[in-house]
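> Here it is, the structure, as structure tokens.
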Amino acid sequence: MASDETIAGYGLGTIVKSLATATLSPGTETTVSSPACVEHNNQEYMEVFRTIAALRSQLMRAKGDMEILERLRSQALANPLEYVESVVSGAAPRAPGQQDVVDIPSIDVEPYMSCASSESVNKYLRI
């Protein structure tokens with residue numbers, strides 16, 4: 001296993017944190033600094049970025065859905081009879097539908113272990 005000096009302090013935790021906080025815009029480069037062991041044209045790297053972008057989008061939708069549900073709940077509690085009548089008549093606002101959560105890609109992390117700090121590897125392996 002490589003020492004911390006030879007990997008310049010980059011570890012799996014650093015990589016994941018930078019991916020999770022990166023600003024993603026299609027067709028533009030990100031401002032994430034990546035260790036040398038992760039190439040931007042690496043298929044797994046791009047898969048992780050696409051998944052993070054999709055999950056962020058779903059998170060934003062989920063937050064909006066929660067606001068809608070809270071508003072509907074408040075309206076129903078404020079005037080239950082009117083709410084029931086609107087549901088029966090079909091005039092009630094529709095609640096947001098379910099989301100199909102994006103699957104997390106299965107990534108073989110072994111090739112990246114050589115550029116991970118020992119601290120990150122221990123966290124990953126939960127030693």
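The values are calculated or read from the model by the stated rules, or taken from the named source; none is laboratory data. Keep in mind the model is a prediction, meaning the values are calculated, not measured. Cβ placement follows ideal geometry from the backbone for every residue including glycine, while neighbour counts extend to all protein chains displayed. Protein only, heavy atoms only, side chains kept; ligands, DNA and RNA dropped before computing areas. Shrake-Rupley method; radii C 1.70, N 1.55, O 1.52, S 1.80 Å.
> Within the stretch 88-127, take every residue that is under 30 Å from SER57 (Cβ atoms) and of a type in the set (Val, Ile, Thr) and give me the one that is least open to solvent (accessible area, probe 1.4 Å).
VAL109
> Considering only residues that are small (Gly, Ala, Ser) and either under 18 Å from the mean Cα position of the chain (by Cα) or loosely packed, with under 14 Cβ neighbours inside 10 Å (or both), which ones fall in the stretch 45-86?
Listed by number, the residues that qualify are ALA53, ALA54, SER57, ALA62, GLY64, SER74, ALA78.
> Condition first: in contact with a Phe, Trp or Tyr (Cβ under 8 Å, 6 or more places away or on another chain) and modelled with pLDDT of 85 or more. Now tell me which residues in the stretch 87-124 satisfy that.
Answer for the stretch 87-124, where residues must be in contact with a Phe, Trp or Tyr (Cβ under 8 Å, 6 or more places away or on another chain) and modelled with pLDDT of 85 or more: just ALA92.
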